[in-house]
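Quick notes on the structure that follows.
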Amino acid sequence: MLSLAIPFLVYELTASETWLGLAAVAANAPAIVASPLGGVWADRFSKRGMMLISLGLQMGLAAGLYVASQNDVLTLGSLLFFAAATGFASQLNLSAYQSFVAEIVPPRQIAPAYRLNAIQFNASRAIGPAIAGFVLAEWGPATAFLINGIAYLPLFFVLAFIRTRPLDRVPSKKSILHDLAEGARVSWVDRRLRIALVCVSTCSLFGMSIQPLMAAIAKDIFHTDEQGLGLLVSAMGISAVITAVAAVWLAEEMTRSTMVRVGLVFYGLGMWVVAASDVFAIGLAGFAIAGFAHVLVNVSVTTSIQVHVSESLRGRVTSLQLMAIIVSLPLGAQVGGLLAETIGLAAVVGLYGTALVLFAAWGTIRLDGLRDLD
């Protein structure tokens, strides 16, 4: 909900795709520090404790957004501040959470657990924007921020009762920089991890980066309102949920490398469909295709990383995966926003789709069909 409400307000204040890109940078840039720091802490300390602290920060920031919006004192500067602070807290949480999944299932169930995790993650991406679009249209952004803050409460109760399996964790006595460097070295030396991180970065740079520009896409290309914006984002999310469920079966029938190659091609196809028409129904179809493709790529890559990484480095390598997204997404959004001022949003969407298809071809020809992911 927050990821839709803040860009919506930024676009309402500026009517600028460039500022939408800057808002994405503000939300993700602090995570360049938060994600690797969270990864090191996740390998050193209690992931449960990290998640409780970061969730508390996120609730406090959501409350601040609600109060400021309710009193009509939100400015462009304050929106960017809240986006940056929330991004920092969120990435601390994600670094702990993504590696925490492996602690609540037996080792033999790590791969299916991460596929199940993808289902709930994509379900939230489907439900959240749909609710946010409706709430923004009916009650405004203040209510969206209030609901966002309350939505963190269930996880507090889950964390209070969930059981974890015991791990032989040996606390590192090295510096944080040393631990970060070790995680980066292992990720680079291990070809399986390196290719997985390259796939994540490319998908984020040319695929996920379109999401921060959705407010402009909804208004400028499809000429729709807040509810239409929520539906466009939800079309991607609902398709992602269905695909995530299907991925449980697909994982038994297809290799991870095949799923990634197919996903990249369909990602590009979906973006071409979005770029080809200003008809709202066609836009929904294009984003649904993109949602299907997004899950094929990211579930496969995430599963590959979690299967191949050692327990002692899980937090740090997971944080590098998140960093690959964090750095690439706002960069793609910023470049896309700047290009849109010159060539138009539709052309940018089509151009990014072409880049994804070309990467799939390059991986097939030059990286042995991405088989290291298997």
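The values are calculated or read from the model by the stated rules, or taken from the named source; none is laboratory data. As the structure is a computational prediction, the values presented were derived from the model and not from experiment. Heads up, the Cβs are rebuilt from the backbone with ideal geometry, glycines too, and the neighbour counts pull from every protein chain shown. The protein model used for the area step is the full one, side chains on, heavy atoms only, and it has no ligands, DNA or RNA in it. Shrake-Rupley method; radii C 1.70, N 1.55, O 1.52, S 1.80 Å.
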Restricting to the stretch 109-145, give me the number of residues that are modelled with pLDDT of 75 or more and under 25 Å from residue 224 (Cα atoms). 15
Among the residues of the stretch 175-183, are any touching a helix residue (DSSP H, G or I) at 6+ places or on another chain (Cβ under 7 Å), crowded, with 17+ Cβ neighbours inside 10 Å, among the small types (Gly, Ala, Ser) and within 26 Å of residue 351 (Cβ to Cβ)? no
Failed item, numbered, when residue 173 is tested on (1) modelled with pLDDT under 85; (2) in a helix (DSSP H, G or I); (3) not acidic (Asp, Glu): (2)
Test residue 282 against the criterion of being free of Cβ contacts under 8 Å to residues at least 24 places away in the same chain, touching a helix residue (DSSP H, G or I) at 6+ places or on another chain (Cβ under 8 Å) and open to solvent by 60 Å² or more (accessible area, probe 1.4 Å), and give yes or no. yes
Residues that are among the hydroxyl-bearing types (Ser, Thr, Tyr) and under 29 Å from residue 137 (Cα atoms): does the stretch 275-290 have at least one? yes
Of all residues in the stretch 41-64, which are of a type in the set (A, V, I, L, M) and modelled with pLDDT of 80 or more? 50, 51, 52, 53, 55, 57, 59, 61, 62, 63
Would you say residue 102 is closer than 30 Å to residue 309 by Cβ, among the small types (Gly, Ala, Ser) and touching a Lys or Arg at 6+ places or on another chain (Cβ under 8 Å)? yes
Contacts under 7 angstrom Cβ, first residue in the stretch 328-341 being more than 9 Å from residue 212 (Cβ to Cβ), partner among the charged types (D, E, K, R) and open to solvent by 10 Å² or more (accessible area, probe 1.4 Å), 6 or more apart: 340/17; 341/17
Considering only residues that are β-branched (Val, Ile, Thr) and more than 18 Å from the chain's Cα centre (by Cα), look in the stretch 302-334 and name the one that is most open to solvent (accessible area, probe 1.4 Å). 307
Kindly establish whether residue 68 is open to solvent by 20 Å² or more (accessible area, probe 1.4 Å) and in a helix (DSSP H, G or I). no
If you take just the helices (runs of 4 or more DSSP H) that sit entirely in the stretch 266-374, which of them hold at least 1 residues that are of a type in the set (Lys, Arg) and over 30 Å from residue 44 (Cα atoms)? 345-366
Residue by residue through the stretch 216-229, note down the ones that are surrounded by 23 or more Cβ atoms within 10 Å (Cβ to Cβ) and either modelled with pLDDT of 85 or more or farther than 16 Å from residue 279 by Cα (or both). 217, 218, 226
